[in-house]
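See below for the structure under consideration.
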Amino acid sequence: MPATAENLRELHQLHQRAKALRDRLASAPKTLASRQAALDSRKAALEDARKALQDAKVQVKKREHLMQAQQGKIDDLKVKLNLVKKNEEYKAIQNQIANDKSSLGNLEDEILNGYSEIEAQSADVAKLEAEYKQFADDVAAFRDQVESQTGPQKTQLDELEKAVAEAEAIIPDDQRERYRRTIKQHGADAMAAVEVDFKTHTGACSGCYVTITTQTLSEVMRAESLSFCNTCGRILYLAEEDHQNTRRKSR
Ligand SMILES: [Zn+2]
């Protein structure tokens, strides 16, 4: 099998498809991990909000107990008030009752505020819970998708790698070493089409966009062995003519 433009084009496409698949296989677990981390931090935020709500409820309960105690104290003082004989003592108890009633009023205000805070916090928690659930469902669905696709994608990649190895039969033996080095350096980008302008008989490497020499262009067109771009070192092959025409028209 000779290293014709068509064969080289096919080999390049196989390299590109294998790379795309390898990239997808590598990126999916990273995307999953970052979504999972985002989910974990939402869970932590939800738990903080739940705890704050719980604390607020405890605070209100404490104040309600205080209020009851205060009320009891005032009731006791009222009983005492009816029993005292001395005017001074009577006035002292009256003052005490007035003070206690005032702090009872403050407690009532604090409790009312506490209830409205609890209401707002409960709404926040409910919102966070709904968002968390939605996000958790999304992450689970994405995980399922990644897990179900990984196997088939690996199989597909194995097949593509085999196909690449088979397609590499076109590489002349004396250029294998250089081919390997170029692939190692540039990966799937190691090959580049040469777009030829037949009017001016010039061509440019589509890897680095630099015009190639007339000599290299003749070599590429003869396709007797591999040609390399003098500027970027990529392996060159002739672009498909249809493709070129389409491109030229679109310009
Ligand atoms: Zn180049």
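For the range 176-233, run through the trypsin sites (Lys or Arg not before Pro) and keep only the ones in DSSP coil with at most 11 other Cβ atoms within 10 Å of their Cβ.
On the way: sites: ARG176, ARG178, ARG180, ARG181, LYS184, LYS199, ARG222; in loops: LYS199.
Taking the range 176-233 and a limit of 11 other Cβ atoms within 10 Å, the loop trypsin sites (Lys or Arg not before Pro) found are LYS199.
Putting +1 on Lys and Arg Cβ atoms and -1 on Asp and Glu Cβ atoms, find which of HIS186, MET221, ALA167 reaches farthest to the positive end of the dipole of the range 151-251.
With unit charges placed on the Cβ atoms, the residue in question is HIS186.
Report the label-to-label distance for THR213 and ASP158 in nanometres (one decimal), using points 7 Å from each Cα along the Cα→Cβ vector.
Simple spin-label model gives 4.6 nm for this pair.
Measure off 7 Å from each Cα along the Cα-to-Cβ vector at GLU64 and GLU89, then give the distance between these two points in nanometres to one decimal.
In this crude spin-label approximation the distance works out to 3.8 nm.
So what is the 222 nm mean residue ellipticity for the chain from helices alone, if each DSSP H run of at least 4 adds -39500 (n - 2.57) and you divide by all residues, rounding to the nearest 500 deg cm²/dmol?
On the way: 5 runs with 190 residues, N = 251.
Taken over the chain, the calculation gives -28000 deg cm²/dmol.
Given +1 on the Cβ of Lys and Arg, -1 on the Cβ of Asp and Glu, and no further charges, what dipole in debye does the range 9-168 carry about its Cα centre, rounded to the nearest 20?
On the way: 27 positive and 29 negative charges, 107 e Å.
Dipole of the range 9-168, to the nearest 20 debye: 520 debye.
If I fit a long axis through the Cα atoms of helix 241-250 and take the longest principal axis of the Cα atoms of the chain, what angle between them do I get, 0 to 90°, rounded to 10?
So the inclination is approximately 60 degrees.
Test of understanding: in a Gaussian network model of the chain with alpha carbons linked when under 10 Å, which of GLU47, GLU241, GLU195 would top the mean-square fluctuation ranking?
Judging by the Gaussian network model, the answer is GLU241.
Taking the chain as a Gaussian network, where each spring joins two C-alpha atoms under 10 Å apart, which residue of GLU177, GLU131, GLU219 fluctuates the most?
Comparing GLU177, GLU131, GLU219 in a Gaussian network model of the chain, the most mobile one is GLU177.
Under the Karplus relation 6.51 cos²θ - 1.76 cosθ + 1.60, θ = phi - 60°, what is the ordered set of whole-Hz ³J(HN,Hα) values for the range 7-18, x standing for Gly and Pro?
Those phi angles translate into 5, 5, 4, 5, 4, 4, 4, 5, 4, 5, 5, 5 Hz.
I want to verify a result. In a Gaussian network model of the chain, Cα cutoff 10 Å, which of these has the top mean-square fluctuation: ALA45, ALA18, ALA69?
Among ALA45, ALA18, ALA69, the largest GNM mean-square fluctuation belongs to ALA69.
Consider just the alpha-carbon atoms of the range 141-214 and return their Rg together with their Dmax, both in angstrom.
18.3, 55
Bear in mind these aren't lab numbers, they're just calculated from the coordinates by the rules spelled out. Values in this document were obtained by computation on a predicted structure and should not be read as measured data. Please note: Cβ atoms are built from the backbone with ideal geometry, for glycine as well, and neighbour counts cover all protein chains shown.
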